[in-house]
2 protein chains.
Amino acid sequence: MPNQSSSTLPNDGALMTISEVAQRCDIATSALRFYEQRGLIFSTRTSGNQRRYHSSMVRRISVIKVAQSLGLSLEQIAAALATLPKQRTPTQEDWQRLSQLWHDDLQQRIEQMQRLRDNLGGCIGCGCLSLKRCQLMNPDDSAAGAGAGPRYLLD
Amino acid sequence: MPNQSSSTLPNDGALMTISEVAQRCDIATSALRFYEQRGLIFSTRTSGNQRRYHSSMVRRISVIKVAQSLGLSLEQIAAALATLPKQRTPTQEDWQRLSQLWHDDLQQRIEQMQRLRDNLGGCIGCGCLSLKRCQLMNPDDSAAGAGAGPRYLLD
DNA sequence: GCTTGACTTAAAGTTAACTTCAACTTTTAT
DNA sequence: ATAAAAGTTGAAGTTAACTTTAAGTCAAGC
């Protein structure tokens with residue numbers, strides 16, 4: 001894909017103002033300042049102290065939004081972003097590596113939800129009065145369960 | 001299954017104290033009072049004003065916890081619980097109907113997560129600078145997209 | 001060169017879902 | 001009968017993720 005031109009992205013290489021980035025990423029400027037305060041993003045300043053963003057920040061912010069929609073906290077996201085190279089703009093491979101991390105996490109969460117989906121009726125409707133001991137609510141302790149398949153422990 | 005006996009459940013038909021319920025459901029007593037305040041659960045009172053719970057409350061609370069793990073807010077859960085019969089203890093069918101509601105919701109959320117999982121690398125790594133226009137982030141507006149399969153809108 | 005819109009900061013406010021605290025009152029066990 | 005454990009209430013505190021507000025500063029267009 002050759003170089004692209006868009007309405008909210010200024011000429012190649014130019015820095016963006018906070019509201020340009022905000023519009024571009026569909027996020028509030030207050031959220032951008034907040035993210036910066038939390039160390040998730042950064043910017044340079046004009047002589048008059050206004051923020052200016054490198055265009056690569058747009059991707060970074062997009063990634064933050066995807067990660068959030070996966071249910072990650074800003075703290076977790078910040079930790080992941082911290083693994084990106086500080087001194088150069090992240091490459092596609094850098095981003096891929098990051099996404100692989102989340103892919104695995106996501107996979108597990110999907111599996112848990114599928115278990116929940118498939119047993120929701122059985123679990124809610126069954127005589128199982130204590131979810132504390134129900135496999136569905138405790139996917140971690142697989143020790144007790146012998147064999148596969150759903151299992152709702154009755155008292 | 002015949003009648004059961006457990007350490008935290010008193011004789012059949014007896015009312016439970018708040019800490020018995022708390023232990024049984026693996027939840028804090030403060031949370032139970034909070035739920036009652038929000039109308040999710042209820043109890044009777046002793047002459048001395050202490051709460052006593054009908055054993056069916058245990059299932060109700062378990063359902064609240066499952067629903068929470070599905071990502072529903074207490075408000076949404078309260079709305080669902082409000083559809084249960086007020087004057088009698090909910091039957092298995094009542095609970096089944098409720099779980100069916102959540103099953104469908106869960107199914108959609110799983111599908112969205114799967115899309116996200118399958119395209120995470122592509123989306124994050126691709127030239128798509130604006131998730132605002134990326135199908136992945138906007139599963140709602142399927143209008144623009146013709147045909148199936150992943151789609152990351154490049155600028 | 002001046003007005004207007006965009007920006008800046010720090011601090012306080014917001015919502016969800018609880019927890020903690022303080023000051024009492026009930027129950028239960030001995 | 002009484003001491004300790006358990007329960008009650010209302011109010012304030014907590015965390016996440018922001019938003020809103022106030023009081024001012026910067027940048028851009030005419």
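Numbers below:
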read-out	value
Count - residues of segment B:32-47 that are surrounded by 11 or more Cβ atoms within 10 Å (Cβ to Cβ) and either more than 10 Å from DNA strand C (Cβ to nearest atom) or at pLDDT below 90 (or both)	5
Residue within segment A:86-101 that is modelled with pLDDT of 95 or more, crowded, with 18+ Cβ neighbours inside 10 Å and either of a type outside the set (Asp, Glu) or within 15 Å of DNA strand C (Cβ to nearest atom) (or both) present	no
Failed item, numbered, when A:Pro85 is tested on (1) within 16 Å of DNA strand D (Cβ to nearest atom); (2) touching a helix residue (DSSP H, G or I) at 6+ places or on another chain (Cβ under 8 Å)	(1)
Search result, residues across segment A:50-106 that are aromatic (Phe, Trp, Tyr) and not assigned by TED's automatic domain parsing to the domain that holds A:Arg24	A:Trp95, A:Trp102
Close pairs (6 angstrom Cβ cut-off, 6 or more residues apart or separate chains): touching a residue at least 12 places away in the same chain (Cβ under 8 Å) in segment B:49-71, within 11 Å of DNA strand C (Cβ to nearest atom) and open to solvent by 50 Å² or more (accessible area, probe 1.4 Å) anywhere	B:Arg52/B:Leu15
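Conditions (1) part of a loop (DSSP other than H, G, I, E, B); (2) within 11 Å of DNA strand D (Cβ to nearest atom); (3) modelled with pLDDT of 95 or more; (4) within 11 Å of chain B (Cβ to nearest Cβ), marked per residue:
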residue: A:Asn11; (1), (2), (3), (4): yes, no, no, no
residue: A:Ser19; (1), (2), (3), (4): no, no, yes, no
residue: A:Arg24; (1), (2), (3), (4): no, no, no, yes
residue: A:Ser30; (1), (2), (3), (4): no, yes, yes, no
residue: A:Asn49; (1), (2), (3), (4): yes, yes, yes, no
residue: A:Arg59; (1), (2), (3), (4): no, no, no, yes
residue: A:Ile64; (1), (2), (3), (4): no, yes, no, yes
residue: A:Gly71; (1), (2), (3), (4): yes, yes, no, yes
residue: A:Gln76; (1), (2), (3), (4): no, yes, no, no
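The values are calculated or read from the model by the stated rules, or taken from the named source; none is laboratory data. Just so it is clear, the structure is predicted and the values come from calculations on it, not from any experiment. Every residue, glycine among them, receives a Cβ derived from its backbone with ideal geometry; neighbour counts consider all protein chains shown. When the accessible area is computed, the model is the full protein with side chains, heavy atoms only, and any ligands, DNA or RNA have been set aside. Shrake-Rupley method; radii C 1.70, N 1.55, O 1.52, S 1.80 Å.
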